[in-house]
Amino acid sequence: MLTKEEEQLEKKYHIRPKNKPFGRHYCLGMKTAFNNSKALHDKVYRDLRASDFNKHLKECKRGAESQRQMVNLYMNLDKFALEEDIIEKGYAQFITAVTCNRKEIKKAKNKKIEKERLFTYEQIDYLWNLKPRSKGLKEHTKKEREMFIRDFWLMLLYAGTRADEELSIYTANVFLDDGYFIGGLKTDAGINRKIPIHPAVKHLYEKYYDPNNEFLFMQPNGNKMDYDYYLYHFKHNFKDLHPEVSEHTAHDARHMARNELRKLGVKDIIINAIIGHSNDDVGDDIYSHVSIEEMQEAIKMITYKEQKKLYILASNQ
């Protein structure tokens, strides 16, 4: 679990401490899964078998998402126990109790997307045609903040990045001529991913690009823009001025991009390579081998207009 100081570091600079591969939310999920497994607390771990895990999962009366977290916990415990020679064989991989809930899991994911309130195509058109409505003192500055929110949402809608991830882009990692930037969670090992720049919003990246700045998005006082800065100006310089779209959040834009790529029939391996996976995914990052060219071709498909479904395959599939 991250300390409070480490949480602040991750929030401000999007840098995760060394030897702490999991973020705060993932750790909280594992803690919840542990608390949901109380029936197994008095068991000796090396004596547990797949039948024990299956029995507990069937009797725990937890939803699909909670069961998924529990399976992730057992898989991680198996990995640790194997590395420490506590067990000779991991049995979590043989869990079958949750397979009958695959439809429920899919349904839960769909509900989550609905809960995120996907943009309509009309709302995205509204953003493209948005005219500043700020008035009063410091009108020019307010209009700049108002348009920043508009620009920021459009960039998220055509990239699928997380808001804090987009705000943490280093200027040196933006390659406008090559059509991509390097984003993702920055670790001491420098593990980042290439994210394609959609041609429709390339001019917005050019607008905020300044080779003299450390980050793509900077405050007027020279500090890096963080999520609190974005949220303040969304609430005070945008939300009330544009009720046509103010029901949405920056997070909705990310889910809109993912939903649109799925709707177009783009393979999950490519979608995951573009938007990045969640820390609670278990297994190898097989999609890390998807080329930037494949991602660029996929992202170009997004027009946010009604069109026929197309299918794109990754070269290694």
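Every number here is computed from the coordinates shown, using simple stated rules; none is lab data. Keep in mind the model is a prediction, meaning the values are calculated, not measured. Note that each Cβ is placed from the backbone with ideal geometry, even for glycine, and that neighbours are counted across all protein chains shown.
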How charged is the neighbourhood of V245? Take every other residue with its Cβ under 11 Å from the Cβ of V245, and add Lys/Arg as +1 and Asp/Glu as -1. -2
Spherically averaged projected area in nm², based on the convex hull that wraps the Cα atoms of segment 121-251: 8.4
Surpassing 25 Å at the alpha-carbon level, of the pairs K31/K58; K31/K55; K58/K267; K89/K194; K55/K79; K131/K194, are K58/K267; K89/K194; K131/K194
